[in-house]
Amino acid sequence: MTFGVPGTAHTAYRARRAPGRSWRRVRAAAGTVLLLAAVAACGGGDDADGKDPGAGDSPPASAADGAPGSSAPATGGHEAAGGGTRRCAASDLTMSLDPAESPAGSRYFDVALKNTTDAACLLKGYPRVSLTGEDGAAIGSPAAHAGGAGRTVTVQPSTRAHAKLRTKSEDAADGSCWAKPRSVEVRPLGSERALTAEVDGLRVCGGLFTVTALEW
């Protein structure tokens, strides 16, 4: 049996254990540094108020984006609109003009635009309505707008959208009338060309010539 100096074994033990504890401290410190680095990396994209700068409010959509409630400019009536339904082109439609029920002193005419294609298309707003004479020259000015701007009308195949023309009767206007037209031209909103029909009984009097927005 070997006897050492009192306290020597204990001192040696402590000397042998010290490196282990120091290594554990180093590993713990390193882990803390790595954890702080990870937290800093995760939070590096936040601004001062805690919001991700890349996840802020999106800029408002413009009319060119086709956003709902916006009216994209027409290009001949062939652009997609309303979830893929395209705007009606003049080539998709036929037009008719017929007298409508009228109160005393006024004359009303129904303008009907019929979809002749196999797919639905959209019409909205006021058509441009003008009159031409026997020589092809314009008579007066295009019809002024009357009433609200209307809503987008989805015109299914073989169905019609309607607008109302109004003028005064010759009696109510005391004979103050434009020349009798030979034809009426109707240009749907956004269309590059007009639809033409022969006129029967339409004569603008009293300086009143208006058209409503298209509807069913």
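Summarise the accessible area of region 120-216 (1.4 Å probe, protein heavy atoms) by the percent that is carbon and sulfur. Mind showing how you got there, number by number?
Details: 2180 of 4950 Å².
Its accessible area is 44 percent carbon and sulfur atoms.
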Practice task
Compute, for residue 126, the solvent-accessible surface of its heavy atoms (probe 1.4 Å) with the complete set of protein chains present, and express it in square angstrom to the nearest 10.
Solution key: 40 Å²
Fill in the blank from the handout: The local net charge around residue 162, scoring Lys/Arg +1 and Asp/Glu -1 for residues other than residue 162 whose Cβ lies under 11 Å from its Cβ, equals 0
Practice task
Let me know the Kirkwood hydrodynamic radius for region 128-216, please, with Cα pairs as the basis and the value in Å to one decimal.
Solution key: 14.1 Å
Practice task
Which order do the peptides 183-195, 90-102 take when ranked by the mean count of other beta-carbon atoms within 10 Å per residue, highest first?
Solution key: 183-195, 90-102
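Please give me the summed charge of the neighbours of residue 109: other residues whose Cβ is under 9 Å from its Cβ, Lys and Arg +1, Asp and Glu -1. Walk me through the intermediate numbers first.
On the way: positive: 107, 164, 166; negative: 98, 110.
Surrounding charge for residue 109 is +1.
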Handout entry: Segment residue 193-residue 176, extension gain: residue separation times 0.36 nm, minus the distance between their alpha carbons
Key = 3.0 nm
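In a shell of Cβ-Cβ distance under 10 Å around residue 142, excluding residue 142 itself, what net charge do Lys and Arg (+1) and Asp and Glu (-1) give?
Numbers: positive: 128, 187; negative: 185.
Summing Lys and Arg as +1 and Asp and Glu as -1 gives +1.
The values are calculated or read from the model by the stated rules, or taken from the named source; none is laboratory data. All values derive from a computational prediction rather than experimental measurement. Quick reminder, even Gly has a Cβ in these numbers, built from the backbone with ideal geometry, and neighbours come from all protein chains shown. The accessibility values were calculated without ligands, DNA or RNA, using every heavy atom of the protein model including side chains. Shrake-Rupley method; radii C 1.70, N 1.55, O 1.52, S 1.80 Å.
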